[in-house]
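One structure is given here, and the rest of the page talks about it.
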Amino acid sequence: MIFRMALAAAISLFAASPALAHLDPSEHGSFAAGFSHPVFGTDHVLAMIAVGLWAALLGGRAIWTLPTTFVGAMIAGFALSVAGLPLPYVEPLILASVIVLGVAVALALRLPLGASAALVAVFGLCHGHAHGGEMGSAGAIGYAAGFVLATALLHAAGLLIGYGANIATRNDPAWATRIIRSLGALTALGGLYLTAG
């Protein structure tokens, strides 16, 4: 049941029209424009949920460390972009983040916490730089507040999916891990699909 719901959600994400990706800040406001940027970008959604899934798999301090590291690095990347400082390979690294984080979840990869956080930070920096590059006429503070909240909610969604899988399969914890790892595999496949598009 959970697997079918996840598959339906993944198909819906890929079927979404790119025209809905960004709201006009002059019409909807800077906060709404910032909030919509990660939420309507399939690459952002998949990577950010994967951070939450990976944190749920690792447990312990990773539950807070991975999402907060991603958000902190994302803010730093946004600041670099707003300051006009280039960051090489931003778009390829964003696509790589979907694949790598999906694989990390699919393999239930258990790196030391510092290494996991460093990997997440690199990807967060790139996602933040991309947000800054597409800010347009939005006000920086409102726009940043929007994408930070959206990102935190997407991380929380990944954590909740992980916890939901554990609750739904509490009589057989191995099934929870299989479900989460399957979602990681779907995420990685989604990243490969995006690279081909």
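The values are calculated or read from the model by the stated rules, or taken from the named source; none is laboratory data. Please read these numbers as outputs of a predicted model, since none were measured by experiment. With ideal geometry, Cβ positions are generated from the backbone for all residues, glycine too; neighbour counts draw on all protein chains shown.
Here are a few things to note about the model shown:
- Residue count for the range 72-117 under the criterion of being touching a helix residue (DSSP H, G or I) at 6+ places or on another chain (Cβ under 8 Å), in a helix (DSSP H, G or I), closer than 19 Å to A50 by Cβ and not charged (D, E, K, R): the result is 22.
- Comparison of A168, A150, A156 shows that the only residue that is surrounded by fewer than 16 Cβ atoms within 10 Å (Cβ to Cβ) and within 21 Å of S97 (Cα to Cα) is A156.
- Residues being in a helix (DSSP H, G or I) and buried (at least 16 other Cβ atoms within 10 Å of the Cβ) - total across the range 125-140: 9
- Matching residues in the range 69-94 - criterion: being surrounded by fewer than 22 Cβ atoms within 10 Å (Cβ to Cβ) and of a type in the set (F, W, Y): Y89
- Condition met for T195 (touching a residue at least 24 places away in the same chain (Cβ under 8 Å), loosely packed, with under 15 Cβ neighbours inside 10 Å, touching a Leu at 6+ places or on another chain (Cβ under 6 Å) and in a helix (DSSP H, G or I)): yes
- L159 vs. criteria closer than 23 Å to L58 by Cβ and free of Cβ contacts under 8 Å to residues at least 24 places away in the same chain: no
- Index of the failed condition, L154 passing every other in (1) modelled with pLDDT of 90 or more; (2) over 13 Å from the mean Cα position of the chain (by Cα); (3) closer than 15 Å to P38 by Cβ: (2)
- Any hit, the range 60-77, residues being at pLDDT below 95 and either within 19 Å of L149 (Cα to Cα) or not hydroxyl-bearing (S, T, Y) (or both): yes
- Residues of the range 109-124 that are closer than 17 Å to R61 by Cβ and either aromatic (F, W, Y) or surrounded by fewer than 16 Cβ atoms within 10 Å (Cβ to Cβ) (or both): R110, L111, P112, L113, G114, A115, A118.
- Members of the range 118-151 found to be more than 21 Å from V90 (Cα to Cα) and out of contact with any helix residue (DSSP H, G or I) (no Cβ under 7 Å at 6 or more places or on another chain), listed by number: I141
- Tabulated pairs, the range 31-42, first more than 16 Å from G128 (Cβ to Cβ) and hydrophobic (A, V, I, L, M, F, W, C), second buried (at least 20 other Cβ atoms within 10 Å of the Cβ) and modelled with pLDDT under 90, C-beta under 7 angstrom, 6+ apart or interchain: A32/L23
- Filter pass, H44 being touching a helix residue (DSSP H, G or I) at 6+ places or on another chain (Cβ under 8 Å), closer than 15 Å to H127 by Cα and at pLDDT 90 or above: yes
- Considering residues of the range 95-108 that are of a type in the set (G, A, S) and within 16 Å of P67 (Cα to Cα) only, the residue surrounded by the fewest Cβ atoms within 10 Å (Cβ to Cβ): A104
- Neighbours by Cβ (under 8 Å, 6+ apart or cross-chain): first from the range 164-185, among the aliphatic types (A, V, I, L, M); second surrounded by 14 or more Cβ atoms within 10 Å (Cβ to Cβ) and in a loop (DSSP other than H, G, I, E, B): A176/T169; I179/T169; I180/A108
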